[in-house]
Amino acid sequence: MSISIPKIDATKIHTTIPLGNDESSLKIKEELKDHGCSDKEIAKMDLGDYQELSASWAMSATRIEVAKEIYPELANENLTKWTNRQYDNFIKEKNLETFAQTQSQAEEFKARDITLDDAIWLTKIYYSFDGILKQSDSVLKKQLEDRYQFIIDNIIKQAEIQMGIKANPDPDLYIQVASFAGYKYSNDWFLISVSTHVDYWRGIQEQRTLTAFRALYQYTGTPSSYFTTNLYGTYSQSQHGAHEGIDFVYGGIGTDIFNIATGVVRAPKPSHAEHHFCIYDSGTNKSYSYLHMNSKIVSVGTTLSSVGTNVGTQGNKGNADGAHVHFEVHSGNTDTLSLESDNVLGSISPYQMQVFLGE
Ligand SMILES: [Zn+2]
């Protein structure tokens, strides 16, 4: 299976996007100042400079707290001496442990000329190595070629902006960032307009996602290896654009799911009725969707005035190849799901929700 688009080393990419006056950039500038950079120095920096610099900084107190919660083996480690890069590498190693191949899987990958890197990325679509190996070479080849083409297109867009060919930053730009603990993919591509998972926000969202995970499964222990398989605003091939929600994973089909937002249970569109669970909160005027449900327990019209009610069980129904909960937030009283074939996010950032804030 030879891929006709040349592979590129995405880890060597320097993000040349200038630091502007948007919320995310201002936070970054503030952080640079706190680390002793002068205004003159900051004015010359781009996002890539910040990413390289911040990797050498010591971990923040929030990051240390989350790290110890997720990895019990770090309990007695003095993380104040760790740099962000050290911790990112630690996460990468831990994530790799979840991708152990059996002898026969390794042999089949070799026989079909599929690299481990490519196989790991394909699990985002087919969930497991066995799921990938069930696909034909031509199907996998198409997925991988699309992926490499996507990476190259984004690099070209970034270069065009830097060279002044494009006057305005493209809202469809993705950038690659180191992921946070609990997320399965080490270096993923995030839609820049979302400003999530990018540098400054990463530690904050790491904490919020863990809080929401615990509430969704009513889980109090230490989560094993990873608890999300896709995040808000990542490049998602299954949605042909930005991933509109967060995919949470714990246990298999039939795991109990608890509401993490309050409101009235609604009847979703017939086409999604079987596996889609929707709650509308008139107080915040937001709709909260839980997808791929195996079963639903709470009936339509019921008011859920607090979080933590068992609303159903986790499944793999609809556009899913493995058991997980796709959680989405929308503005208004809507059961519209975001299935657009483009990068426009029709949903809103779940990280702003109370339960994600841990309040
Ligand atoms: Zn999803």
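The values are calculated or read from the model by the stated rules, or taken from the named source; none is laboratory data. Computed from a predicted structure; not experimentally measured. Here the Cβ is made from the backbone with ideal geometry for all residues, glycine too, and neighbour counts use every protein chain on show.
A few comments on the model shown:
- Residue satisfying condition, being at pLDDT below 95, loosely packed, with under 13 Cβ neighbours inside 10 Å and not β-branched (Val, Ile, Thr), within set GLU73, GLU65, GLU69: GLU73
- Spans of helices (runs of 4 or more DSSP H) in the stretch 1-70 with at least 1 residues under 25 Å from the mean Cα position of the chain (by Cα) and more than 20 Å from ASN168 (Cβ to Cβ): 23-34, 47-55, 61-70
- Residues that are out of contact with any Ser or Thr (no Cβ under 7 Å at 6 or more places or on another chain) and buried (at least 21 other Cβ atoms within 10 Å of the Cβ), drawn from the stretch 145-172: ASN154
- Some residue of the stretch 127-141 being without any contact (Cβ under 8 Å) to a residue 12 or more places away in the chain, hydroxyl-bearing (Ser, Thr, Tyr) and closer than 20 Å to THR62 by Cα: no
- Filtering the stretch 309-323 to residues that are surrounded by 14 or more Cβ atoms within 10 Å (Cβ to Cβ), assigned to a loop (DSSP other than H, G, I, E, B) and not β-branched (Val, Ile, Thr) leaves GLN314, ASN316, LYS317, GLY318, ALA320, ASP321, GLY322, ALA323.
For every residue, the table says whether it meets (1) under 18 Å from the mean Cα position of the chain (by Cα); (2) basic (Lys, Arg); (3) within 19 Å of ILE13 (Cα to Cα).
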position	(1), (2), (3)
ILE156	no, no, yes
ILE161	no, no, yes
ASP170	no, no, yes
TYR174	yes, no, yes
GLY182	yes, no, no
PHE190	yes, no, yes
ASP199	yes, no, yes
ARG208	yes, yes, no
THR211	yes, no, no
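- The stretch 48-75, residues that are basic (Lys, Arg) and within 30 Å of PRO18 (Cβ to Cβ): ARG63
- Residues located in the stretch 222-240, provided they are more than 12 Å from the ligand (Cβ to nearest atom) and modelled with pLDDT under 85: THR222, PRO223, SER224, SER225, HIS240
- Restricted to the stretch 214-282, the set of strands (runs of 3 or more DSSP E) holding at least 1 residues that are under 23 Å from GLY346 (Cα atoms) comprises 226-230, 246-248, 263-266, 277-281.
- Any pair with Cβ under 6 angstrom, 6 or more apart, that starts in the stretch 190-202 at a residue that is surrounded by fewer than 22 Cβ atoms within 10 Å (Cβ to Cβ) and ends at one that is of a type in the set (Lys, Arg): TYR200/LYS27
- Of all positions in the stretch 265-272, at least one carries a residue that is at pLDDT 85 or above and not β-branched (Val, Ile, Thr).
- Restricted to the stretch 109-126, and to residues there that are without any contact (Cβ under 8 Å) to a residue 12 or more places away in the chain and assigned to a helix (DSSP H, G or I), the residue that is farthest from PHE227 (Cα to Cα) is ALA111.
- Residue identified as modelled with pLDDT of 90 or more, aromatic (Phe, Trp, Tyr), more than 13 Å from the ligand (Cβ to nearest atom) and closer than 29 Å to LYS94 by Cβ among TYR217, TYR280, TYR290: TYR217
- Which numbered condition ILE175 misses (of (1) of a type outside the set (Asp, Glu); (2) buried (at least 20 other Cβ atoms within 10 Å of the Cβ); (3) out of contact with any helix residue (DSSP H, G or I) (no Cβ under 6 Å at 6 or more places or on another chain)): (3)
- Filter result (among the polar types (S, T, N, Q) and either closer than 17 Å to GLY203 by Cβ or touching a residue at least 12 places away in the same chain (Cβ under 8 Å) (or both)) within the stretch 30-61: GLN51, SER54, SER56, SER60
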